[in-house]
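The values are calculated or read from the model by the stated rules, or taken from the named source; none is laboratory data. Just so you know, these numbers come straight off a predicted model, no measurement behind them. All Cβ positions, even for glycine, are placed from backbone atoms using ideal geometry, and neighbour counts span all protein chains on display. Keep in mind that these areas ignore ligands, DNA and RNA; they rest on the heavy atoms of the full protein, side chains included. Shrake-Rupley method; radii C 1.70, N 1.55, O 1.52, S 1.80 Å.
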Amino acid sequence: MIKQSITLLALGAALVGTVETASAERRTNELAKDVAVRHRRLLVKNRFEVAPLFESTINADFRHIIGGGLKLEYHLSDMLSIGAIGVGSTAIDTKLVSRIMERLPDAPDPMEPRAPSKDEYSSRLNEMPLHGAAYVSLTPWYGKLAAFSQAYVAFDFYFQAGLAFATLKSDCPTMICSDTTPGESKPGPGGETIPPDNDPNNDPPLNDGQRLGLFLGFGIHVFLNDFLALDLTIRDYAFDDNPSGADYNANLAVTDDDSRFLHHLFVGVGLSIMFPTKVKRTN
Amino acid sequence: MKPLRMRGIYRSVYILLGLVLAAQPALAQPKKPPPKEAPKGGEAEPEIEMSGDDKKDKVDPEEIDMGAEPPPADLSADLSAAEQSDQVVKAGPVARTPLSWKDILVVVRKPFLKAKRTELYPMVGTTMNDNMIRHYTLGGEISYFLTDVLAIGVEGQYYVDSFREPFDLVPRQARRLPTVNKYNWSGALNFHYVPVYGKFAILDRKLITWEVQFTAGIGAGQSEVIPRDTTFDAFTTLLIMPNIGANMRFFLAKWLTVNVGVRDYMFIDKFEPTMRVEGGMNDSADEAKSNASTSFINNVMFQIGLSFWLPTSFEYTTFR
């Protein structure tokens, strides 16, 4: 009886010891199941973004398009947003145009029948007083950076795709662009047929009006605080255009066939203001 | 004697029982006094416990478990843990869990060290700001990082040219032949500084570390005129080419990064004179070169490439 009691006690003690050993084991690291970024500031989700911006062409051939505008964007989630952008611009001749103009005659030169005069050349270059896009934006990357070990800021990269629109303008006076039937014969006096003049320099440039095309862009938000961000973007507005307004396909006439699908690359800098200004956080 | 022996056995049993029972409260007792009340106007400081909790269900969520003495640094284990921690989980409700010594990083260390390592950077590039001629480059740079943010390097590039649309349009539409130079090669001694360092998550899944590097250097290159009339000889010019630039470096592995950047190579170039007459003015390349017009050029290049790092691995010299 005594032996049995001792045995039971010993077993009990051993059992208690086992339980204690189990409870004293090191816990597993439960952070492995946890979210990677806790208390993350949802800097864009369900927020409306208004961004006054400045935009300029990159490496334009004939005229730099420089202007200001507004970007409006609603962020459906942290990754997906929809928006629109509109920019009013002015045009500045590139250095290439300046150099060409230096070498052109002031007036049509009979010795150089194919060479345009300064006015013939410059008046057919077009401008882009208004352009913009409606787009869907994807923000697959977000993160934070330390600049000079002092400034710690959040940022995200985004990619945009959508429809581009542009209003093109060229002012070629009728006294210069006087050919009403470029590349075509026309009836002359006495029932004669006047053949095409084969002079593209007096043809209307046909590079104005409204254009629709494709829009692509990518950029970065660098958040200065919870509701202000620096917005740096490269945008490509692609649509039919003939920036020089001259004969492109060498058929000695300016026609619609001289327009081609061109990419108009812009770099933009803006200041994004997020509404509401108070930012939410994850748990 | 017999009763005495029995008493001895009973005594032994009681002592054993006493020891077992005494051990329970000792193990279950808190190892320290209860937490002090939080000071007014502030949150309670979390306690730091130097040993493990007694029972799992009695864990104080405010406690910081110091655990046992950390084992010696194990790089592979660290890297494995770092890779695991790179997995981003979608944000949602977070279960409050006790912290442990292993979980707390006062300063998260960089996953990539560059100090005293050599970067081999084969790259390709293209012109960004010339609307007449586009150059493609094939080149490379070898850089040695003196520290994690400072490096010195040597680069070399070979240029291949192609004409852009205006090169054809201008003669056809304006009846003027463009004066264009092409570049043959360039080399430079560069100094790099890395002031910006960050990380980002891709699609909420993968964390990528990146940095921004600024570069300034001095070098030389060679340009060659493209004669408007191919019957004339071209001439070359040796260029002194300082450069400045910035590039982003994305860390893919301990020995591999992707670099994307922009560099502005600045120089004064000589261009073919306007007038060249066969058998007369500026007929020879030397004469044309001596009468060449000069212009300051910014040749802005977009560059991209993979960097290979030597040694291929590194070791941390500080704690996590």
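I'm trying to understand the selection: among the residues of region A:78-98, which are farther than 30 Å from A:Ala229 by Cα and surrounded by fewer than 15 Cβ atoms within 10 Å (Cβ to Cβ)?
A:Lys95, A:Ser98
Condition check: within 30 Å of A:Asp61 (Cα to Cα) and either open to solvent by less than 30 Å² (accessible area, probe 1.4 Å) or part of a helix (DSSP H, G or I) (or both). Does B:Val194 satisfy that?
So B:Val194 does not fit the description; no.
Condition check: of a type in the set (Val, Ile, Thr) and closer than 29 Å to B:Phe200 by Cα. Does A:Thr139 satisfy that?
When the stated conditions are applied, A:Thr139 passes them.
Can you pull out the residues in region B:156-170 that are of a type in the set (A, V, I, L, M, F, W, C), more than 12 Å from A:Ile100 (Cβ to Cβ) and crowded, with 16+ Cβ neighbours inside 10 Å?
Once the filter is applied, which keeps residues that are of a type in the set (A, V, I, L, M, F, W, C), more than 12 Å from A:Ile100 (Cβ to Cβ) and crowded, with 16+ Cβ neighbours inside 10 Å, region B:156-170 yields only B:Phe167.
Residues that are free of Cβ contacts under 8 Å to residues at least 40 places away in the same chain, of a type outside the set (Val, Ile, Thr) and within 30 Å of B:Pro227 (Cβ to Cβ): does region B:244-262 have at least one?
So far as region B:244-262 goes, no, none of its residues is free of Cβ contacts under 8 Å to residues at least 40 places away in the same chain, of a type outside the set (Val, Ile, Thr) and within 30 Å of B:Pro227 (Cβ to Cβ).
With respect to the numbered conditions (1) among the hydroxyl-bearing types (Ser, Thr, Tyr); (2) buried (at least 19 other Cβ atoms within 10 Å of the Cβ); (3) part of a loop (DSSP other than H, G, I, E, B), which one is the sole condition not fulfilled by B:Thr147?
(2)
Can you pull out every residue in region B:285-316 that is of a type in the set (A, V, I, L, M, F, W, C), closer than 26 Å to B:Asp264 by Cβ and either at pLDDT below 95 or more than 15 Å from the chain's Cα centre (by Cα) (or both)?
The answer is B:Ala292, B:Phe296, B:Ile297, B:Val300, B:Met301, B:Phe302.
Of the conditions (1) over 26 Å from B:Gly261 (Cβ atoms); (2) surrounded by 15 or more Cβ atoms within 10 Å (Cβ to Cβ); (3) modelled with pLDDT under 70; (4) facing another protein chain (nearest Cβ under 8 Å), B:Val94 clears all except one; give me its number.
(2)
Take the residues of region B:128-144 that are modelled with pLDDT of 95 or more and out of contact with any Asp or Glu (no Cβ under 9 Å at 6 or more places or on another chain): which is most open to solvent (accessible area, probe 1.4 Å)?
Per the criteria, the residue is B:Leu138.
Scan region A:24-44 and give yes if some residue there is under 20 Å from the mean Cα position of the chain (by Cα) and modelled with pLDDT of 90 or more, otherwise no.
For region A:24-44, residues under 20 Å from the mean Cα position of the chain (by Cα) and modelled with pLDDT of 90 or more: absent.
Quick one: in region B:262-287, which of the residues that are farther than 19 Å from B:Ser186 by Cα and in contact with a Phe, Trp or Tyr (Cβ under 6 Å, 6 or more places away or on another chain) is surrounded by the most Cβ atoms within 10 Å (Cβ to Cβ)?
B:Arg276
Among the numbered conditions (1) in contact with a Lys or Arg (Cβ under 7 Å, 6 or more places away or on another chain); (2) modelled with pLDDT of 85 or more; (3) open to solvent by 80 Å² or more (accessible area, probe 1.4 Å); (4) not small (Gly, Ala, Ser), tell me where A:His75 comes up short.
(3)
Quick test for you: out of A:Leu230, A:Leu168, A:Leu216, A:Leu224, pick the one residue that is buried (at least 20 other Cβ atoms within 10 Å of the Cβ), farther than 24 Å from A:Glu112 by Cα and more than 13 Å from chain B (Cβ to nearest Cβ).
Result of the check over A:Leu230, A:Leu168, A:Leu216, A:Leu224: A:Leu168.
Just for region A:69-93: of the residues that are over 14 Å from A:Ala51 (Cα atoms) and among the β-branched types (Val, Ile, Thr), which one is farthest from the other protein chains (Cβ to nearest Cβ)?
Ranking the candidates gives A:Thr90 first.
Under the condition of being touching a Gly at 6+ places or on another chain (Cβ under 7 Å) and within 30 Å of A:Phe157 (Cβ to Cβ), which residue from region B:212-248 is most open to solvent (accessible area, probe 1.4 Å)?
My answer is B:Met248.
Within region B:115-136, work out how many residues are farther than 17 Å from B:Gly156 by Cβ and either outside any strand (DSSP E or B) or more than 14 Å from every other protein chain (Cβ to nearest Cβ) (or both).
Summing the residues that are farther than 17 Å from B:Gly156 by Cβ and either outside any strand (DSSP E or B) or more than 14 Å from every other protein chain (Cβ to nearest Cβ) (or both) in region B:115-136 gives 8.
Of all residues in region A:110-148, how many are closer than 17 Å to A:Ile234 by Cα, at the interface with another protein chain (Cβ under 9 Å from one of its Cβ atoms) and either of a type in the set (Gly, Ala, Ser) or open to solvent by 60 Å² or more (accessible area, probe 1.4 Å) (or both)?
Of the residues in region A:110-148, 1 are closer than 17 Å to A:Ile234 by Cα, at the interface with another protein chain (Cβ under 9 Å from one of its Cβ atoms) and either of a type in the set (Gly, Ala, Ser) or open to solvent by 60 Å² or more (accessible area, probe 1.4 Å) (or both).
In region B:171-190, what count of residues is obtained for those that are in contact (Cβ under 8 Å) with a residue 24 or more places away in the chain, open to solvent by less than 40 Å² (accessible area, probe 1.4 Å) and within 10 Å of chain A (Cβ to nearest Cβ)?
Going through region B:171-190 one residue at a time, the tally reaches 1.
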